[in-house]
Amino acid sequence: MDYEINFPHLGIYLEHVGKNIAIGNFTIAYYGIVIACGMLLGMLAVTKRAKSTGQNPDHYLDLMIFTMVFGVIGARIYYVVFAWDSYKDDLISVFNIRGGGLAIYGGIIAGAVTIFIICRKKKMNFGQVLDTCVLGLPIGQILGRWGNFFNREAFGKYTDGLFAMQLPVSAVRQNEITDEMWQHLTTVNGVQFIQVHPTFLYEGTWNLCLLIVLFLLRNRTKFRGELFLYYVIGYGIGRFWIESLRTDQLLIMGTKIPVSMVLSACAAAASAVAVILKRRRIGRVGEKSDLSAETSAETQDIEKNS
């Protein structure tokens, strides 16, 4: 396999980008390393946010451990279900996540269900927990997308734009190379390259901007769960656009409709409607934000249970 990754219009030429690091006879995939780093940094952001809002960080450490475990499981199940043709003849490969194949929407859904169950059990406010955890989510996604970079996956269609990325044909899955890419192959020093949209970079940058927006809005919300809804709106809009560029789209079974585009549009629209209706109701009845009072009451409950 050839290891180059180039951004010719930016003058960036990376001669050797490996997929893993070897420690003795054991290899660790960079994909797993960056995802693990993303999870740890996300957890740090969540516990810091919990402490700054008067909540018990230890409760969030317990919650995050369960959420990350079931989130990864959910992300893998989601991916396998919608890419079943790639796994039905080799069921053991379902468990090989080091080679890639985690769908963020599956992780978000599984994580939200896990949080809901734990909140019910510990009598924590579900909306407040979502608002606290949501600042850590984009951090994990930003770093996680670099795992796609090392794996040479989740790239977009052919482009000759400013950010065009060149990948060796030998380094990518052949079924992800489109006819248009074959027609525009570039040969450098005897190596054939496809030239594509670096969608990992687009989504990572979008999520960075989204994280900044969420950080600025964190103390401007009117109701529990509002910050999380803003995340769903922002991420849904960005993912809808970026997914339209991808060549490895997961499709709704029996159709050629990308499931992530449908889910992104529906989630973003539903969240926007929820925010508008909730804010209108608060304004109509003359209510003011009562988050401070709720936080005080919840803090007292946490201190009693600690």
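Among the listed residues Thr221, Thr187, Thr255, identify the single one that is over 24 Å from Tyr31 (Cβ atoms) and in a strand (DSSP E or B). Only one candidate qualifies: Thr187. Among the candidates Gly136, Gly140, Gly147, Gly161, the residue that is modelled with pLDDT of 95 or more and small (Gly, Ala, Ser) is uniquely Gly161. In segment 186-232, the residue that is farthest from Val169 (Cα to Cα) out of those that are aromatic (Phe, Trp, Tyr) and touching a residue at least 40 places away in the same chain (Cβ under 8 Å) is Phe223.
Taking the stated definitions as given, is Tyr87 of a type in the set (Ser, Thr, Tyr) and crowded, with 19+ Cβ neighbours inside 10 Å? Answer is no for this residue. Of the residues making up segment 99-147, those that are among the hydrophobic types (A, V, I, L, M, F, W, C) and not in a helix (DSSP H, G or I) are Leu102, Ala103, Met124, Val134, Leu135. Checked against (1) in a helix (DSSP H, G or I); (2) in contact with a Ser or Thr (Cβ under 8 Å, 6 or more places away or on another chain), Phe200 meets all criteria but (2). Of all residues in segment 69-84, those that are more than 17 Å from the chain's Cα centre (by Cα) and surrounded by fewer than 14 Cβ atoms within 10 Å (Cβ to Cβ) total 1. Here Phe66 does not fit the description of being within 28 Å of Leu250 (Cβ to Cβ), among the hydrophobic types (A, V, I, L, M, F, W, C) and crowded, with 18+ Cβ neighbours inside 10 Å.
Screening Gly32 against (1) small (Gly, Ala, Ser); (2) in contact (Cβ under 8 Å) with a residue 24 or more places away in the chain; (3) more than 30 Å from Phe228 (Cα to Cα) leaves a single unmet condition, (3).
In this entry, Phe155 is excluded by the filter for residues that are within 21 Å of the chain's Cα centre (by Cα) and either modelled with pLDDT of 95 or more or surrounded by fewer than 21 Cβ atoms within 10 Å (Cβ to Cβ) (or both).
Report whether or not Gln174 is surrounded by fewer than 21 Cβ atoms within 10 Å (Cβ to Cβ), without any contact (Cβ under 8 Å) to a residue 60 or more places away in the chain and under 20 Å from Tyr79 (Cβ atoms). Against the criterion (surrounded by fewer than 21 Cβ atoms within 10 Å (Cβ to Cβ), without any contact (Cβ under 8 Å) to a residue 60 or more places away in the chain and under 20 Å from Tyr79 (Cβ atoms)), Gln174 qualifies. Counting only strands (runs of 3 or more DSSP E) that fall entirely inside segment 4-63 and contain at least 1 residues that are closer than 30 Å to Gln192 by Cα and within 17 Å of the chain's Cα centre (by Cα), no element qualifies.
The values are calculated or read from the model by the stated rules, or taken from the named source; none is laboratory data. Note that the coordinates shown come from a computational prediction; the quantities given were computed from them, not determined experimentally. Every residue, glycine as well, gets a Cβ built from its backbone with ideal geometry; the counts of neighbours run over all protein chains shown.
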